[in-house]
Ligand code: CA
């Protein structure tokens, strides 16, 4: 089995080496970003299985880093914060983090959180039936229902809907959709996505059901009630 890859985002060298040592010893593959910009780059480039994110970074607000990563990926994010004000914790979770730890923390506590997040994420990814509002998708049989109504989708339409169902309430950019569904960078002039979204909406709304795939002007689309 491939090692699980953890990206540490932290500018304090002492904490980085403490975390790197502890996580490597547990068998994780570890990489490090020392700035917010580097974190955004590596989160995309390396597709880590989990991100440990310090909120106090030299170049960017950690919460902004968190939100940006979350808008493109459902990778588990564990926030480290020196602040222990409740509002900061809530802001962290609001920005899409899965859990947080207040500094200073014990390594055992961090490792336990990491294991729990990785386990939960794997369970979610392994799900065979995805549900959102009254839409149900069976990934194994590739069947889709809206309420009791069976919906027949082409393979591409199915893949597109699955992408939305795996990232509900997140804005998916056009670039991300192209990359995930067509597997290469398409000219942004192309209206391929618009065409498929139109097909998908027509099938999902054939009996006058409410719209769930919404346009986010200038950015992309989101699955939302
Ligand atoms: Ca820091």
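In degrees, nearest 10, range 0 to 90: what is the angle between the Cα axis of helix 155-166 and the longest Cα principal axis of the chain? With rounding to tens, the tilt is 40 degrees. For a test of the definition: using alpha carbon positions, the gyration tensor, and the 1.5 limit on a/c, classify the chain as rounded, prolate or oblate. Since a/c reaches 1.5 and a/b is larger than b/c, the shape of the chain is classed as prolate.
Between residue 93 and residue 209, what is 0.36 nm times their sequence separation minus the Cα-Cα distance? Round to one decimal in nm. Don't jump to the answer; show the numbers that get you there.
Values: separation 116, 0.36 × 116 = 41.76 nm, distance 3.19 nm.
Taking residue 93 through residue 209 to full extension adds about 38.6 nm, to one decimal.
Ranked for footprinting exposure by Cβ neighbours inside 10 Å, fewest first, 137, 165, 60, 125 give 125, 60, 165, 137. Helix 192-204 and the longest principal axis of the C-alpha atoms of the chain enclose an angle of approximately 70°. In this rough spin-label picture, where each label sits 7 Å from Cα along the Cβ direction, the residue 115-residue 103 distance is 2.5 nm.
Between residue 122 and residue 142, what FRET efficiency comes out of the Förster formula 1/(1 + (r/R0)^6) with R0 = 25 Å and r the beta carbon distance, rounded to 0.05?
Numbers: r = 22 Å, r/R0 = 0.87.
FRET efficiency, residue 142 to residue 122: 0.70.
Please report, in whole Å³, the volume per residue of the convex hull around the C-alpha atoms of the stretch 129-223.
On the way: hull volume 8.6 nm³, N = 95.
Once divided by residue count, the hull of the stretch 129-223 is 91 Å³.
Between residue 134 and residue 150, the simple spin-label model (points 7 angstrom out along Cα→Cβ) gives 1.9 nm.
Counting only DSSP beta bridges with both residues in the chain, tell me the antiparallel percent, nearest 5.
Details: 19 of 36 bridges.
Of those bridges, close to 55 percent are antiparallel.
Most simply put, the stretch 5-125 has about 5% antiparallel DSSP beta bridges, counting only bridges with both residues inside it. The Cα trace of the stretch 1-108 gives Rg and Dmax of 12.7, 40 Å, the first to one decimal, the second as a whole number. Taking the C-alpha atoms only, the angle from helix 13-25 to the longest principal axis of the chain is near 70 degrees.
None of the figures in this text is laboratory data; all of them are computed from the coordinates on show. These numbers were taken from a predicted model, which means no experiment stands behind them. Here Cβ is always computed from backbone atoms with ideal geometry, including for glycine, and neighbour counts include all displayed protein chains.
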